[in-house]
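Peer 1: Have a look at this one before I ask anything.
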Amino acid sequence: MKYLLRIPLVIILLASVSMTALAQEPIGVIAKSSGSTFHKKFNADDYSPNAIMGTQLKNKDWIKTGDDGFVAIFFLDDKSQLKIKNNSEMEILAAVERGKISKTISLDYGTVKASVSKQKGEFRIATPTSVASVKGTEWWVTSDDNGDVFIVMAGIVEVENLISGTVQNVGQDETATSSPDGSVGVTVTDNSNIPDDPTITGDEEDSGSTIHELRIRMLNTETNSEKYIIIEYAE
């Protein structure tokens, strides 16, 4: 009987070590930040002012933006990008599933744009009302007390309403609304409802924008080797 009692304990301990290791490994990096922004580390109780460019992000880190805040994040495993607009708050969650890293953006409120590369693991954006899952696409999410709006720019997004369990696939140039009453509706996207994208345009680049290079050093402690991830961004 003693041996039988020890088996679940060993499994729990191994799971705990696995999650601790994941929490300590960088998942993404802040590529750009402006205005009023805040960052809370996975092991901190409170936010620190200023989400500083170049900061590595880990499992269970939080990002928040104020009235004029903006943060851009690149994920290190596949270089997917997340743009966090003003008046938003979110937590970054990661889990190893069958040897693949799956990421969930837990959006409490606000507006984000996800540009997701095709990947082996899942990429989800979860709100108090809905969960949206993709493999590789580009879409906007806006979440508030009235529910969620999903504007798909490319690819297909699977939207599930957590209240009713209703699941709806949303394609390119379509907009889904997911409400706290459990309803999900899909319509053709009205371009006037697409949020302003803080991407620098070609005209701005020609008028004197500077291309910067962000080099992130990644150390593999098992093999005692290192590599650099290079991210270019315009300013």
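Peer 1: Could you sort the peptides 144-155, 161-172 by per-residue average Cβ neighbour count (10 Å cutoff), highest mean leading?
Peer 2: On the way: 144-155: 17.9, 161-172: 15.2.
Per-residue mean Cβ counts within 10 Å order the peptides as 144-155, 161-172.
Peer 1: Listed highest first by mean packing, meaning other Cβ atoms within 10 Å per residue, what order do 186-193, 103-110 come in?
Peer 2: Output ranking for 186-193, 103-110: 103-110, 186-193.
Peer 1: Count charges around residue 169 for me, please; just the other residues with Cβ under 12 Å from its Cβ, Lys/Arg as +1, Asp/Glu as -1.
Peer 2: -3
Peer 1: Hey, another quick one. Give me the number: length gained by fully extending residue 187 to residue 34, i.e. 0.36 nm times residue separation minus the C-alpha to C-alpha distance, one decimal in nm.
Peer 2: 51.7 nm is the gain from fully extending residue 187 to residue 34.
Peer 1: Here's something else I'd like to know. What is the set of long-range amide H partners of residue 130 at a cut-off below 5 Å, with H atoms built 1.01 Å from backbone N?
Peer 2: Residues meeting the criterion, in which the H sits 1.01 Å from N, are 162.
Peer 1: Mind ordering 50-56, 69-75 by average Cβ neighbours within 10 Å, highest first?
Peer 2: Per-residue Cβ counts within 10 Å, averaged per peptide and sorted highest first, yield 69-75, 50-56.
No lab work stands behind these numbers, since they all come straight from the coordinates. Everything quoted here is computed from the prediction, not taken from an experiment. Note that each Cβ is placed from the backbone with ideal geometry, even for glycine, and that neighbours are counted across all protein chains shown.
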